[in-house]
Amino acid sequence: KTVSYKYDLEYGSAEVEMHVDIIKEGMNVLIHDDLLATGGTAIAAAELVKMQKGKIGGFAFVIELGFLQGNERLKKYSSNIVNLVTY
């Protein structure tokens, strides 16, 4: 069984899914992705974690496209946002 979260992109929409038994209630979760642009995918992941009553421990990215200010959108989930490189 899965849960899903649909979100809009600049050029369309996308949907992410996860199994319902992956995250246990109260579990602390780090969301990691290769690229932070507008934050849409990371927000979708955070919403899935919240649906399962998990806690967002933070976000980690390899690259951030700072001019798109995706990190500002993520701060409502966690202020712990790290990346290796910002462009």
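The values are calculated or read from the model by the stated rules, or taken from the named source; none is laboratory data. Being a predicted model, the structure only gives us computed values, none of them experimental. Here Cβ is always computed from backbone atoms with ideal geometry, including for glycine, and neighbour counts include all displayed protein chains. Surface accessibility is based on the protein's heavy atoms, side chains included, excluding ligands, DNA and RNA. Shrake-Rupley method; radii C 1.70, N 1.55, O 1.52, S 1.80 Å.
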Most packed first (mean Cβ within 10 Å per residue), the peptides 36-45, 13-22 order as 36-45, 13-22
Counting only DSSP beta bridges with both partners in the chain, the antiparallel fraction in percent, to the nearest 5, comes to 40
For the stretch 37-43, Karplus-derived ³J(HN,Hα) couplings (6.51, -1.76, 1.60; θ = phi - 60°; whole Hz; x for glycine and proline) come out as 10, 7, x, x, 5, 5, 5
Yeah, the stretch 41-87 with a ≥ b ≥ c from its alpha-carbon gyration tensor (a/c under 1.5 is rounded, else prolate when a/b outruns b/c, oblate otherwise) is prolate
Per DSSP loop assignment and a cutoff of at most 13 other beta carbons within 10 Å, the chain keeps its longest run without exposed trypsin sites (Lys or Arg not before Pro) at 25-52
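What is the sum of charges, Lys and Arg at +1 and Asp and Glu at -1, for the other residues whose Cβ falls under 11 Å from the Cβ of residue 45?
Summing Lys/Arg as +1 and Asp/Glu as -1 gives -2.
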Answer in debye to the nearest 20: the dipole magnitude of the chain about its Cα centre, from +1 Lys/Arg and -1 Asp/Glu charges placed on Cβ, is 400
Counting lysine pairs in the chain that sit 8 or more positions apart or on different chains, with Cα atoms under 19 Å apart, gives 15
Expressed as a whole-number percentage, the relative contact order of the chain with C-alpha contacts under 8 angstrom and at least six residues apart is 27
Options [x] 1.98; [y] 1.12; [z] 1.06 are given for Cα Rg over 2.2 N^0.38 Å, and the computed one is [z]
Given backbone amide H placed at 1.01 Å from N, residues whose amide H is under 5 Å from that of residue 81, ignoring those fewer than 5 places away on the same chain, are 59
Env charge @ residue 23, Cβ radius under 15 Å, K,R +1 / D,E -1, value +1
With every protein chain kept in place and a 1.4 Å probe, the chain has an accessible area per residue in Å² of 63
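How large, in percent, is the carbon and sulfur part of the accessible surface of the stretch 3-87 at a probe radius of 1.4 Å?
Its accessible area is 52 percent carbon and sulfur atoms.
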HN-Hα couplings for the stretch 71-87 via Karplus (6.51, -1.76, 1.60; θ = phi - 60°), in whole Hz with x for Gly/Pro, come out as 4, 5, 6, 7, 4, 6, 9, 6, 8, 8, 10, 10, 8, 7, 9, 10, 10
